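Colleague: Right, I'll just put the structure down here and ask away after.
Please treat every number below as a calculation from the coordinates, not as lab data. In this text, all values refer to a predicted model and were calculated from it rather than measured experimentally. A quick note on method: Cβ atoms are made from the backbone with ideal geometry, for glycine too, and the neighbour counts reach across all protein chains shown.
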Amino acid sequence: MIGRLLQPLAVLAGISVLVFLIFFAAPGADPAARLAGRGASPDTLAAVRAEYGLDRPLPVQYARMMGRMFVTRNLTSTVNTGQEVVPAVLAAAPVTLLLASGAAVLWLAAGLAISLVATAFRVGGRLAIGAGLVGMSIPAFWMGEVVNLLTQRSFHGTWWLAWVPPLGMGVSFAGMVLPWTTLALLYAGVYGRVLHAGLAEALASDPIRTARAKGLGDTTVLLRHALRCRFCRWWRCSGWISARWSVGAPC
């Protein structure tokens, strides 16, 4: 149990070291040049390196960065000079979690429906899987821009989109319906395909054949036995996608 708890911590530590090396030690990576701006003189670069500790050895830089992130929480952005990173992340976290959690409910339900239709009906199943593949192939940023264009400009005055609030009106249930639906369309196909493959495998297993031999109907076998056997696989798949959206990495 302790080992399982320590494994995620070790993974996070390794990721932090890798990201640090990419941005601070890779060839051509110079945080001081980004902070000082274009055309900065060598004296300015040297002053910036001394101020931010970029002239120290890499292990010292990493330790100082982790200390500012988790101890003093005084981590400034190298892109927006002077902006505090931790308060900015905490300010955006509620909306990000609301977006990810609401979309997760919809894409889990849609993925479940796609998998059940694909398993129970051959023709309808192919159409459902095909629609899921189309959704998986569309980039999230492109879909979001198209939805904004259609709902905020082209058809915003129509009766069927009049309930959509304008951009910049704050967070509300009506304002989150379309973002939730957009993300659900993109990822419902993933869940549908994963669960459909699991259900097809479960229906060919010996316990399911035994249940059918005892006279159980197809609906009972599918919903009460096959779905229950493969529910854990479907639920595990939701973890990594929800985690990606929670940190703002949709693509």
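Colleague: Report the full-extension gain for the segment Leu133 to Phe70: residue separation times 0.36 nm, less the Cα-Cα distance, to one decimal in nm. Don't jump to the answer; show the numbers that get you there.
Modeller: On the way: separation 63, 0.36 × 63 = 22.68 nm, distance 4.09 nm.
Residue separation times 0.36 nm, minus the Cα-Cα distance, leaves 18.6 nm.
Colleague: Which value in nm describes the separation of the simple spin-label points at Leu12 and Leu150, placed 7 Å from the Cα toward the beta carbon?
Modeller: With each label placed 7 Å out from Cα toward Cβ, I get 3.9 nm.
Colleague: Here is a follow-up. Neighbour counts of other C-beta atoms within 10 Å: give me Asp206, Asp218 arranged from fewest to most. Kindly include the intermediate steps, with their values, before the conclusion.
Modeller: Details: Asp206 7, Asp218 12.
In increasing order of surrounding Cβ atoms, one gets Asp206, Asp218.
Colleague: Ranked from highest to lowest mean number of other Cβ atoms within 10 Å per residue, what is the order of the peptides 54-66, 98-110?
Modeller: Numbers: 54-66: 13.8, 98-110: 18.6.
Packing proxy ranking, top to bottom: 98-110, 54-66.
Colleague: Still on this model: Beta carbons within 10 angstrom, averaged per residue: use that to sort the peptides 43-51, 184-192, highest first.
Modeller: Numbers: 43-51: 14.4, 184-192: 24.3.
Ranking, from highest mean packing down: 184-192, 43-51.
Colleague: Just to verify a number: FRET efficiency for Leu216 and Phe121, C-beta to C-beta distance, R0 = 25 Å, to 0.05? Kindly include the intermediate steps, with their values, before the conclusion.
Modeller: Working: r = 19 Å, r/R0 = 0.77.
Efficiency, from the Cβ-Cβ distance: 0.85.
Colleague: Going by how many other Cβ atoms sit within 10 Å of their own, how do Leu6, Leu223, Leu112 line up, fewest first? Write down the numbers at each step before the final one.
Modeller: Values: Leu6 10, Leu223 13, Leu112 17.
Least to most surrounded, the residues fall as Leu6, Leu223, Leu112.
Colleague: Quick one: if the Förster radius is 30 Å, what FRET efficiency do Arg56 and Ala140 give, using the C-beta to C-beta distance and rounding to 0.05? Walk me through the intermediate numbers first.
Modeller: Details: r = 39 Å, r/R0 = 1.29.
My answer for the efficiency is 0.20.
Colleague: At R0 = 22 Å, how high is the FRET efficiency between Ser101 and Thr181 if r is their beta carbon distance? Nearest 0.05 is fine. Don't jump to the answer; show the numbers that get you there.
Modeller: On the way: r = 14 Å, r/R0 = 0.64.
In this case the efficiency is close to 0.95.
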